[in-house]
Amino acid sequence: MPTFYQCERCTACCRWPGQVRITEAEITAMAGHLKMDETSFIERFTRLRPDRKGLSLLDKENGECVFLDGTSCRVQAAKPQQCRDFPNLWRFPGFESKCHANPVEIQDEEEYRRQIMEATGRQQINLL
Ligand code: SF4
Ligand code: SF4
């Protein structure tokens, strides 16, 4: 029986260290959401990834994502797919000790698929 993880919006995943990878389309969307031009967005909010294959969001000095504002995401409506996909389409061993998402067992595979698509905003999904 598949388990759907219902996000409890604890924001822990916006606070732990790591790379929030972003695509060009996501830069366009986030810059538009913030009513900024893309060059200014890139200069102000992004960094080169360690593998130099693209950009990630900057962290604040305390390690939080640059867009975390209290318990809200400043780019919520346009946030990166990587953020939307966690923890249903990617997760790491022991993530349950840090993420407070509520595990819900779903009986029906189609219903599970529907919930994942709604949570991630994806039109197509490859289930774990
Ligand atoms: S972009 Fe938003 S959801 Fe993603 S890590 Fe940053 S604050 Fe969290
Ligand atoms: S995915 Fe998990 S860690 Fe992130 S906000 Fe939701 S419950 Fe918290």
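Laboratory data are not the source of any read-out in this text; all were calculated from the coordinates shown. What you see is a predicted model, and the numbers here were worked out from it, not measured in a lab. Virtual Cβ from ideal backbone geometry, glycine too; neighbours counted across all protein chains shown.
A compact table of results
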item: Extreme residue, surrounded by the most Cβ atoms within 10 Å (Cβ to Cβ), among residues of segment 17-48 that are outside any helix (DSSP H, G or I) and touching a residue at least 12 places away in the same chain (Cβ under 8 Å); result: Ile22
item: Count - residues of segment 94-113 that are away from ligand 2 (no atom under 15 Å from the Cβ) and over 15 Å from Thr3 (Cβ atoms); result: 1
item: Positions within segment 103-126 being polar (S, T, N, Q) and exposed (fewer than 15 other Cβ atoms within 10 Å of the Cβ), in sequence order; result: Gln107, Gln123, Gln124, Asn126
item: Yes/no for Phe86 being closer than 26 Å to Phe4 by Cβ, within 14 Å of ligand 2 (Cβ to nearest atom) and in contact with a Leu (Cβ under 9 Å, 6 or more places away or on another chain); result: no
item: Among (1) assigned to a loop (DSSP other than H, G, I, E, B); (2) of a type in the set (Lys, Arg); (3) in contact with a helix residue (DSSP H, G or I) (Cβ under 9 Å, 6 or more places away or on another chain), the one test that Arg84 misses; result: (1)
